[in-house]
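Quick notes on the structure that follows.
Just so it is clear, none of the values below were taken in a lab; they were calculated from the coordinates. Please read all numbers here as calculations on a predicted model, not as lab measurements. Glycine gets a Cβ as well: all are built from the backbone with ideal geometry, and neighbour counts include every protein chain shown.
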Amino acid sequence: MMSKPDFLGGSGQDHFRPELQVESPEGELHLRFFIPSHQEFALLATGIREVIELSPDKITPIPNASPLLLGTLNLRGRVIWVADLGQFLGGTTALNTDRAEIPVIAIEEQDTIVGLAVEEIGGMHWLDVQHLMAPTNVPDTMAPFLRGEWLLDAHKKQFLRLLDQTAILRSARWAG
């Protein structure tokens with residue numbers, strides 16, 4: 001006679017016990033991260049193909065390429081461009097590549113994939129887009145790539161800015 005797996009054990013009434021109920025999160029799942037200027041951003045999880053941390057020597061520099069680009073990366077047999085997201089957004093602080101690993105967020109739309117190198121990954125969080133506000137006090141170089149922002153701390157003027165991955169992928173800055 002076969003025994004029931006542990007998760008099927010019990011009276012069968014466990015799913016009605018309040019302590020076993022999981023609250024459903026509000027909003028949508030986002031990846032939070034920081035760029036070298038210590039600004040925090042988020043991307044909608046559904047547009048992210050993969051998040052990897054890799055040694056800088058895995059990124060192959062390309063001569064005469066745009067200064068925004070760190071080089072190329074082989075992602076599961078596919079060569080993709082890797083950009084310094086902070087500089088792409090108009091920041092003046094370059095990403096420190098003199099370290100053991102660099103976090104790269106591979107974003108994808110249709111058949112286009114780009115790797116965005118960032119300073120630090122903050123993790124996955126459920127964020128309610130209904131509380132998203134229009135971006136304030138953002139540089140003109142960043143504005144076209146923002147969908148909005150959440151106010152984290154009014155006293156410290158801290159914001160979490162939501163990036164538009166479609167605008168990033170379709171940007172004319174890649175040609176520069």
Would you kindly give the portion of the calculated P(r) for the range 109-168 that falls above 16 Å, as a percent of all Cα pairs? 56 percent
Using modelled amide H (1.01 Å from N, peptide plane; none on Pro or chain starts), what sits under 5 Å from the amide H of L162, excluding residues fewer than 5 places away? A42, R147, G148, E149, W150
Which log10 I(q)/I(0) values does the range 30-176 give at q = 0.13, 0.16 Å⁻¹ under the Debye formula, counting every alpha carbon as one identical point scatterer? -0.55, -0.84
Hey, with R₀ at 35 Å, roughly what FRET efficiency would R49 and H155 work out to, going by the Cβ-Cβ distance, to 0.05? 0.40
